[in-house]
Amino acid sequence: MQDLAGKHIVLGLTGGVACYKSAELCRLLVKAGAQVQVVMTEAAAQFITPVTMQALSGRPVYLSQWDAREPNNMPHINLSREADAIVLAPASADFIARLVQGRSDELLSLMCLARPIDRVPLLVAPAMNREMWAHPATQRNLRQLDADGARVLGVGTGWQACGETGDGRMLEPAQLLEEIVAQFQPKVLAGQHVVVTAGPTFEALDPIRGITNHSSGKMGFAIARAAREAGAQVTLIAGPVHLETPRGVQRTDVLSAEKMLAAVVDAAQAATVFIATAAVADWRPAEQASQKIKKNGDGQTPVLHFVENPDILAQVARSERARQGTLFCVGFAAESENLVEHARAKRERKGIPLLVGNIGPLTFGQDDNSLLLVDAQGVRELPRAPKLQLARELVAEIAARLPRNRPTP
Ligand code: C5P
């Protein structure tokens with residue numbers, strides 16, 4: 001998806017081994033549709049050459065405030081006025097200290113100081129040794145940077161080039177891209193707390209086997225990401241899936257429907273929106289064998305008995321906060337036919353203001369989908385598109401239905 005189409009990003013590199021990751025970040029930004037202008041400090045050019053960054057960005061790199069290519073000889077003004085965002089990756093401890101002091105004795109710091117502060121966000125991805133990161137001076141500088149309106153991205157934990165292990169690694173390029181894309185999404189859910197369920201449940205038969213389904217969790221994870229991009233605090237309660245947690249989302253993993261219910265009830269106490277996308281098993285085995293159920297060679301097959309699982313969505317929708325309108329509940333329906341009819345009936349049955357219908361076989365495991373929104377006013381289709389795009393559209397639809405945003409009659 002060209003999430004950054006039409007955006008002009010100034011990518012600033014300062015001195016650090018993590019500069020090798022900035023080459024990949026530059027590629028990802030370009031692939032996402034951004035125009036990338038690289039600016040490097042003298043120290044950064046010790047780690048990666050401007051030639052590499054020019055080749056990847058498709059534009060000559062700026063290295064000096066005395067660059068005579070600019071007709072007015074003011075690259076710090078021109079570069080910062082063109083930018084939709086300035087991303088410093090990697091940002092060294094020294095460079096962060098210099099930003100905090102408002103220093104401006106070389107092009108990159110000069111440009112950051114000269115940027116129109118209300119219009120051009122400054123995103124800072126620190127990279128340094130763990131002791132440098134933990135030092136009170138660095139931590140003090142980061143707090144000040146935050147207070148001055150910059151956004152600090154990271155850091156990661158793990159093996160460091162110096163051979164030590166700990167905090168201070170620059171975030172991976174894909175993580176930085178996710179943060180940069182999020183920066184540009186409208187903050188329609190600012191101040192909201194969204195709880196999302198996603199994926200299948202797993203109902204154990206014995207310690208080895210269980211009953212589950214084909215839900216990939218992709219739609220729910222895309223919704224969690226979109227809600228966080230829109231400024232919400234997001235809790236994602238996931239069944240067994242193989243997906244990365246979206247950045248900035250708090251994730252709880254569960255297996256069974258009963259465990260999912262307990263996690264949801266807990267999280268929903270402080271939530272303002274609940275979106276149930278999980279494909280919860282309708283039934284679970286009445287008994288869970290404590291040891292593996294074995295074949296004993298007599299050709300007998302085991303007889304299984306089932307009990308009904310709790311309906312998580314219906315239960316939350318009956319809670320006092322949902323009935324008062326403080327908690328807005330959204331359900332999903334995966335059908336194989338007669339989508340409108342089934343979706344309408346399900347919305348009524350679950351007692352929820354908004355139900356999202358989709359055709360199961362056309363969505364399971366796919367990267368795109370189409371959705372049908374059913375509420376008291378009627379039916380609206382969101383045509384086939386990547387799940388993340390649909391998730392963003394759904395988030396905007398939910399935001400418009402929240403009490404403070406509803407048009408007054
Ligand atoms: O009842 P049905 O499974 O068709 O309803 C689908 C909707 O209800 C989805 O939003 C799903 O997440 C939710 N659900 C639930 N708990 C169940 C069954 C479904 O939350 N036990």
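Restricting attention to the range 229-261, the residues that are more than 13 Å from the ligand (Cβ to nearest atom), under 30 Å from R209 (Cβ atoms) and among the acidic types (D, E) total 2. Is it the case, given these coordinates, that T252 is closer than 19 Å to A314 by Cα, at pLDDT 95 or above and not hydrophobic (A, V, I, L, M, F, W, C)? When the stated conditions are applied, T252 does not pass them.
Listed by position, the strands (runs of 3 or more DSSP E) enclosed by the range 136-200 that each have at least 1 residues that are closer than 30 Å to V264 by Cα are 156-159, 193-198.
Scanning the range 87-120 for residues that are outside any helix (DSSP H, G or I) and either outside the structural domain of E178 (by TED's automatic domain parsing) or within 17 Å of G15 (Cα to Cα) (or both) gives V87, L88, A89, P90, A91, S92, R103, S104, D105, E106. In the range 304-328, the residues that are on the phi < 0 side of the Ramachandran plot reach residues that are hydroxyl-bearing (S, T, Y) and within 9 Å of the ligand (Cβ to nearest atom) with C-beta atoms within less than 7 angstrom, at least six apart or across chains, in these pairs: I312/T197. Looking only at the range 18-42, residues that are surrounded by fewer than 17 Cβ atoms within 10 Å (Cβ to Cβ), part of a loop (DSSP other than H, G, I, E, B) and touching a residue at least 40 places away in the same chain (Cβ under 8 Å) come to 1 in all. Comparison of A137, A190, A204, A198 shows that the only residue that is closer than 24 Å to L394 by Cα, surrounded by fewer than 18 Cβ atoms within 10 Å (Cβ to Cβ) and in contact (Cβ under 8 Å) with a residue 40 or more places away in the chain is A190. Might you check whether a residue that is surrounded by fewer than 24 Cβ atoms within 10 Å (Cβ to Cβ), part of a strand (DSSP E or B) and charged (D, E, K, R) occurs anywhere in the range 238-255? For the range 238-255, residues surrounded by fewer than 24 Cβ atoms within 10 Å (Cβ to Cβ), part of a strand (DSSP E or B) and charged (D, E, K, R): present. Is it the case, given these coordinates, that H214 is closer than 26 Å to S370 by Cβ, more than 16 Å from the ligand (Cβ to nearest atom) and in a loop (DSSP other than H, G, I, E, B)? Considered against the rule, which asks whether it is closer than 26 Å to S370 by Cβ, more than 16 Å from the ligand (Cβ to nearest atom) and in a loop (DSSP other than H, G, I, E, B), H214 comes out as no. Residues that are surrounded by fewer than 19 Cβ atoms within 10 Å (Cβ to Cβ) and outside any helix (DSSP H, G or I) were ranked within the range 326-352; the one that is nearest to the chain's Cα centre (by Cα) is T326.
When residues in the range 262-303 are screened for being away from the ligand (no atom under 16 Å from the Cβ), on the phi < 0 side of the Ramachandran plot and of a type outside the set (A, V, I, L, M, F, W, C), 14 of them pass. Within the range 358-372, the set of residues being part of a strand (DSSP E or B) and under 23 Å from the mean Cα position of the chain (by Cα) comprises N358, D368, N369, S370, L371. Evaluating H342 against the criteria (1) within 27 Å of A267 (Cα to Cα); (2) at pLDDT 90 or above; (3) within 12 Å of the ligand (Cβ to nearest atom); (4) touching a strand residue (DSSP E or B) at 6+ places or on another chain (Cβ under 7 Å) leaves one unmet condition, (1).
The values are calculated or read from the model by the stated rules, or taken from the named source; none is laboratory data. What you are looking at is a predicted structure, and each value in this text was computed from that prediction instead of being measured. Counting neighbours? That spans all protein chains shown, and the Cβs are built from the backbone with ideal geometry, glycine included.
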